[in-house]
Every structure is written in structure tokens, then in C-alpha cells.
Amino acid sequence: MVGGGVFGIFLGIVAWFANLFFYTTLILIAFRKYFVGAIIATAGFVLGLQSFFFTSYPADESGGNTIYVDHLSWGFYIWLISFLLLALYCYLQPKKEVQLMAPDSFEVNGNTSGQGKDAVLPAEIRGWNWGAFGLNWIWGIGNKTYFALFALIPLVGIVMAFILGADGNKLAWQNKHWNSIEHFKKTQKLWALVWLVYFVISVISSVCLGIYLSH
């Protein structure tokens, strides 16, 4: 938890709120608002830098106990770098989408799914894949994208999540045969729903565990 979490605002510690910027950027990416997303992600990075400037904060409401910060772990640096990765994605993705534009590619080329690099990605399914981002290696097995197994490697998994989120649709279309675009969309929405349920349960469980341990 960065500086006491959401309650850190009462101590002038606002680095935790960079998390809100992170999730806001993901939502903006989903709606292809890349320019705004790049700004929000960069702002989150700057906000997170405040973590370098505090050395202690109260451990409870009474202020009687203090937690001292003598160093920042590798997890913090991964968290901070993730904002730069998001900003970089928001900067590069619009250019990539322009390069990939091929009107009516599905009608012109037919169903090329499952043909590897020869598969032509239909314009209708380009964009961010939430299921691939959140479930990464599990999603990879289900979509015959075994490259996703690299997500099991410590630290590499963080980078892989963003790679799969950005290119998941393309990889799934290349590596597995789909009956139609509708079939593809329906399946990927199901993966995204599974990840959302898992995410919500994880957050609720973490909050309940934190409350239990604090008492």
C-alpha cells in the first residue's frame, strides 16, 4: 500500500491515487481515447513519484504508531514503470491502427483466422482485449496463443499483460480458427467477463482480509 492508501490524503500523501489514474487510462484505451489516456497515464506516473519523498507515515488513526520507509521494493518500481508503459502504448497505438487499416478486409480476404501470420485481422475486432490482459497465460492456452505462457515468468508477466492486452485480438485471430467475427467477439467478451468477475472477487477478498487482519 502506497503511503497508507486512500487515507494518505489526510497526511498530504497522494501517491496512492495514481492507481485511479491507471484504471482510468485502461478505460480510455478501451474507448480508443489514446491522447487523453497518454496524458492521464503520465500524470499518474508523476503522482507516483511522490513516494520517493516520504520516509514514514502513521500506522493507525491514533498516530501512536509509525511505519518507517527505509527502501522501496521492486514491486513499487514495476508499479511505477507500468504508467510509462501505458503512456507509451497510448502514443504508439494510434499510429499502428492507421497502418493496419484495411477496409472490408474480411469480405475481401474471406475468413483467414487460424492461418498464422497470413491471417488478415478484420477491422471490426481490432483494439484492446481485456480477457488477454487480465487472464494472460490462461487466456493464451484457451486461444492457442502459447506465447502467453511467458507471463508465468516473474516480472516478465507484467510486461506480457500489456502485450497481450494490446495484441490479443490479433494473436487469437492468427492462432485459432473462428467460425465468424461474431463468434470471435462473443468468445472474447466471455473471457473479459471471466476476468472481471475474478478481479472483483479478488478486490473484495483483499479488502475483507485487510479488515480482518487489522482487528
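Kindly flag which residue pairs out of Lys117/Lys185; Lys33/Lys189; Lys33/Lys117 have an alpha-carbon separation exceeding 24 Å in this structure.
Long pairs (Cα-Cα over 24 Å): Lys33/Lys117.
Once the other residues with Cβ under 15 Å from the Cβ of Phe184 are scored (Lys, Arg +1; Asp, Glu -1), what is the net sum?
That sum, taken over residues with Cβ under 15 Å, equals +4.
Give the relative contact order (percent, whole number) for segment 126-215; include only Cα pairs under 8 Å separated by 6+ residues.
34 percent
Sort largest first and round to whole Å: the equivalent ellipsoid semi-axes of segment 125-215, each the square root of five times a Cα gyration tensor eigenvalue.
Each semi-axis is the square root of five times an eigenvalue, giving 28, 16, 9 Å.
How far, in nm, would the chain grow between Leu72 and Leu193 when pulled straight, counting 0.36 nm per residue and subtracting the alpha carbon separation?
40.1 nm
The numbers here are math on the coordinates, done by the rules we state, and not lab data. Everything numeric in this text was worked out from a predicted model, so none of it was measured. Reconstructed Cβ throughout: ideal geometry from the backbone, glycine too, with neighbour counts over all protein chains shown.
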